[in-house]
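Trainee: One structure, pasted below without further comment.
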Amino acid sequence: MKSSDIKQFLGLNALRLCMAVVLLILFVIFYDIISKGAGKISWAFLSQPPRNGMTEGGIFPAIVGTFCVTVITAVFAIPFGVGCAIYLNEYAKDSWITRAIRMAIRNLSGVPSIVYGLFGVVLFVNMMQFGTCILSAGLTLGLMTLPWTITASEEALKSIPNAYREGSLALGATKWQAIRTNVLPYAVPGMLTGSILGLARAAGETAPILFTGAAFSLPILPSSVKDQFMALPYHLYIMSTQHQAIVKVRPIAYGTALVLIALVFFMNFGAVVLRYHLRKQKKD
Amino acid sequence: MEQGRKMVEVMNFNFFYGHAQCLKNISFDIAAHQVTSIIGPSGCGKSTFLRCLNRMNDLIPSARMEGSIKIDGQDISAPGLDVVSLRKKVGMVFQKPNPFPKSIFDNVAYGLRINGTVDKHIGDKVEESLKNAVLWDEVKSRLHESALSLSGGQQQRLCVARALAIAPEIVLMDEPASALDPVATAKLEELIIRLKQKYTIIIVTHNMQQAARISDMTAFFMQGDLVEFGLTNQIFTRPKKQITEEYITGRFG
Ligand SMILES: Nc1ncnc2c1ncn2[C@@H]1O[C@H](COP(=O)(O)OP(=O)(O)O)[C@@H](O)[C@H]1O
Ligand SMILES: [Mg+2]
């Protein structure tokens, strides 16, 4: 073999090895969680509250809590994100201010989640006096998700051909009419997909909800957004590190992890399906 | 020479992209109910000129204009002008057919709806516009199919229909046939000649034969200057300037 052939051979196999390592890690994680968690999954586990000092029973309140807090996150992060994206992509002139805003948004997505958590305590819990509750936690996660929804929405808007805007304006539409009737409808699939991916990430976060509303254990379900809540990622954290009978509750921890992963997986899967459907709808 | 009333009066008009001057001291008049072609080598400012007439260049931040363009007696280069009502009066068909990804019906109804036409009139107007654009017979059985399913030539006639639906007085066309095959081009040319009974047509074309076939008047632009403007017949048979002749006979461009 020539030396260039050998290099080619080695290079290709090095890349294959990287691939294999990544897949292996992923496989080990899934295998570990599924093999140890699947046995725990049952209707009772999903629909009952924890009992006996969280050593028995299910995780129903944590599922409800994560659902509620994610709804708040969505209600906050999607409209604001879409609004910012419309402003940045359709209205803002290219100036140092808009460049600075864009850079700020990029940097915000790199801020560690615990920092958002502390910020949420200061802003929502203390200053705005919401207290530790679903609302504070949801808004904190919303702040964290905002850079994602802005970026996703802006990308979606960018992908709409300029001919749609010009074509609409040339027919006597005002700028807002053109955007509302001939740009936004086609950008929605991309916006939603990106936003759901951001929400899925938020749903799995512990640090931002740790001080803003998540509770160790609650005897009853929350009845308003001003109540504290249990959440899947926090429950998992407690069950795997904070519980006094760690070994005994291990299966519960694995069950919780499986449910959390499944939730995130389904949200991502849902985003893909949604995008596929909306694209198809647009075509016919 | 020029019959009919003046529809567009261009006077000492200059146009700049930032510091680059793109149109230089243009003056000429365009008569109503005629087809006027604008010809010239690429980059000479034809599209820019056309887009001044419906203020489409407003979208470009660095764009700036001087001098005046009057449409129907009204100066459209004034900063405070209502561009929305100008664009209803001056329709535009783009170089590349740009049907919206909606049904054929909704494409034609688009301008009507944003202008607040009541629903019960929309159906009639859509039909009328499609008939005007000689597309009705081809699409009447499939009005609710996607406009993207039409052929390129049909798409461009749909764009014409869409522009006609809001009853403009002037229709601007920027190389409307450049993406079409010869048969579709012939149909579009026929349509343009028909349309001049009701509308004033200004068309940019890089195709000399097309300009000769369909237009009453021709303006020859070069490097931002209006070199020559006159009856199409005269421009193509007895151009006054040497350079016009050289361009028309294909010696450059
Ligand atoms: N948005 C723009 N910004 C800056 N310069 C432009 C812009 N559009 C066109 N130009 C320049 O203006 C000149 C005329 O362009 P255009 O009107 O498109 O020419 P034509 O349609 O005759 O080919 C060209 O030199 C082109 O590079
Ligand atoms: Mg052009």
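Trainee: Taking 18 Å as the cut-off for C-alpha to C-alpha distance, list the pairs among B:Lys131/B:Lys196; B:Lys120/B:Lys198; A:Lys158/B:Lys88; B:Lys89/B:Lys140; B:Lys6/B:Lys196 that go past it.
Mentor: Details: B:Lys131/B:Lys196 15 Å; B:Lys120/B:Lys198 24 Å; A:Lys158/B:Lys88 27 Å; B:Lys89/B:Lys140 27 Å; B:Lys6/B:Lys196 14 Å.
Over 18 Å apart, Cα to Cα: B:Lys120/B:Lys198; A:Lys158/B:Lys88; B:Lys89/B:Lys140.
Trainee: Ok, one more. Roughly what % of Cα-Cα distances in the range B:162-252 sit above 22 Å, to the whole percent? Intermediate values should be presented prior to the final figure.
Mentor: Numbers: 1295 of 4095 pairs.
When every Cα pair of the range B:162-252 is considered, 32 percent fall beyond 22 Å.
Trainee: Can you give the log10 of the normalised intensity I(q)/I(0) at q = 0.16, 0.20, 0.23 Å⁻¹, computed with Debye over equal Cα scatterers of the range A:13-62?
Mentor: With one equal scatterer per Cα and no solvent, log10 I(q)/I(0) is -0.60, -0.72, -0.82.
Trainee: Hey, with R₀ at 56 Å, roughly what FRET efficiency would A:Gln48 and A:Ile101 work out to, going by the Cβ-Cβ distance, to 0.05?
Mentor: On the way: r = 48 Å, r/R0 = 0.85.
Taking R0 as 56 Å, the efficiency between A:Gln48 and A:Ile101 is 0.75.
Trainee: Mind checking the per residue accessible area of the range A:121-199 for me, 1.4 Å probe, whole number of Å²?
Mentor: Values: 2700 Å² over 79 residues.
In whole numbers, the range A:121-199 has 34 Å² accessible per residue.
Trainee: Give, to the nearest whole percent, the P(r) tail of the range B:82-223 beyond 19 angstrom, counting all Cα pairs. Display every interim value, and only then the final one.
Mentor: Working: 4864 of 10011 pairs.
Looking at the range B:82-223, the distances longer than 19 Å represent 49 percent of pairs.
Trainee: Show me the chymotrypsin sites (Phe, Trp or Tyr not before Pro) within the range B:55-125 that DSSP assigns to loop and that have at most 15 other Cβ atoms within 10 Å of their Cβ.
Mentor: Values: sites: B:Phe94, B:Phe105, B:Tyr110; in loops: B:Phe94.
Here no chymotrypsin sites (Phe, Trp or Tyr not before Pro) fit, given the DSSP loop and packing criteria.
Trainee: Same structure again: Counting only protein heavy atoms and a 1.4 Å probe, tell me what percentage of the protein assembly as shown's accessible area is made up of carbon and sulfur.
Mentor: On the way: 15960 of 25950 Å².
Carbon and sulfur atoms account for 61 percent of the accessible area of the protein assembly as shown.
Trainee: Grab every C-alpha pair in the protein assembly as shown, bin the distances at 20 angstrom width from 0 up to the longest one, and report whole percents.
Mentor: 18, 36, 26, 17, 3, 0
Trainee: Same structure again: Any idea of B:Ile114's accessible area? Nearest 10 Å², probe 1.4 Å.
Mentor: 30
Trainee: What does the structure give for A:158-171 when I average, per residue, the other chain Cβ atoms found within 10 Å of the residue Cβ? Each step should come with its number before you reach the end.
Mentor: On the way: counts 0, 0, 0, 3, 2, 7, 4, 1, 6, 13, 5, 9, 17, 17.
The mean count of partner-chain Cβ atoms within 10 Å per residue comes to 6.
Trainee: With every protein chain in place, what's the accessible area of B:His144 (1.4 Å probe, Å², nearest 10)?
Mentor: Its accessible surface works out to 140 Å², give or take rounding.
Trainee: Another question, if that's okay. Against the longest alpha carbon principal axis of chain A, how many degrees, from 0 to 90 and to the nearest 10, is the axis of helix A:246-283 turned?
Mentor: So the helix axis and the longest Cα principal axis differ by about 20 degrees.
Trainee: Relative to the longest principal axis of the C-alpha atoms of chain B, give the angle of the C-alpha long axis of helix B:104-114, reported between 0 and 90° and rounded to the nearest 10°.
Mentor: 70
Trainee: Sticking with this one: Tell me, what is the FRET efficiency for A:Ser3 and A:Arg279 to the nearest 0.05, using R0 = 51 angstrom and their Cβ-Cβ distance as r?
Mentor: Step by step, r from the Cβ atoms, then E = 0.60.
Trainee: If you average the C-alpha positions of the range B:88-162 and of the range B:164-196 separately, how far apart do those two centres end up, in angstrom?
Mentor: Between the Cα centre of the range B:88-162 and that of the range B:164-196, the gap is 13 Å.
Trainee: I'd like to compare B:63-74, A:124-135: which one has the highest average count of other Cβ atoms within 10 Å, and what's the full order after that?
Mentor: Descending mean neighbour count gives A:124-135, B:63-74.
Trainee: Where in the range B:86-128 does accessible area fall by at least 50 Å² between the isolated chain and the complete protein assembly, at a 1.4 Å probe radius?
Mentor: Correct list: B:Arg87, B:Phe100, B:Pro101, B:Tyr110, B:Ile114.
Trainee: Report, in whole Å, the centroid distance computed from the Cα atoms of the range A:59-82 and the range A:20-56.
Mentor: What the calculation gives is 23 Å, centre to centre.
Trainee: Please list the radius of gyration and Dmax for chain A, considering alpha-carbon atoms only, with Å as the unit.
Mentor: Spelled out, the Cα radius of gyration and Dmax of chain A are 22.9, 73 Å.
Trainee: Convex hull over the Cα atoms of chain B, averaged projected area in nm²? Provide the component values of the computation, followed by the final result.
Mentor: Values: hull surface 54.4 nm².
Taking the Cα atoms of chain B, their convex hull projects to 13.6 nm² on average.
Trainee: Further question on the same structure: Could you list the square roots of 5 times each eigenvalue of the Cα gyration tensor of the range A:158-280, that is, the equivalent ellipsoid semi-axes, sorted largest first and rounded to whole Å? Write down the numbers at each step before the final one.
Mentor: Values: eigenvalues 391, 55, 20 Å².
After scaling each eigenvalue by five and taking roots: 44, 17, 10 Å.
The values are calculated or read from the model by the stated rules, or taken from the named source; none is laboratory data. Everything quoted here is computed from the prediction, not taken from an experiment. Heads up, the Cβs are rebuilt from the backbone with ideal geometry, glycines too, and the neighbour counts pull from every protein chain shown. Keep in mind that these areas ignore ligands, DNA and RNA; they rest on the heavy atoms of the full protein, side chains included. Shrake-Rupley method; radii C 1.70, N 1.55, O 1.52, S 1.80 Å.
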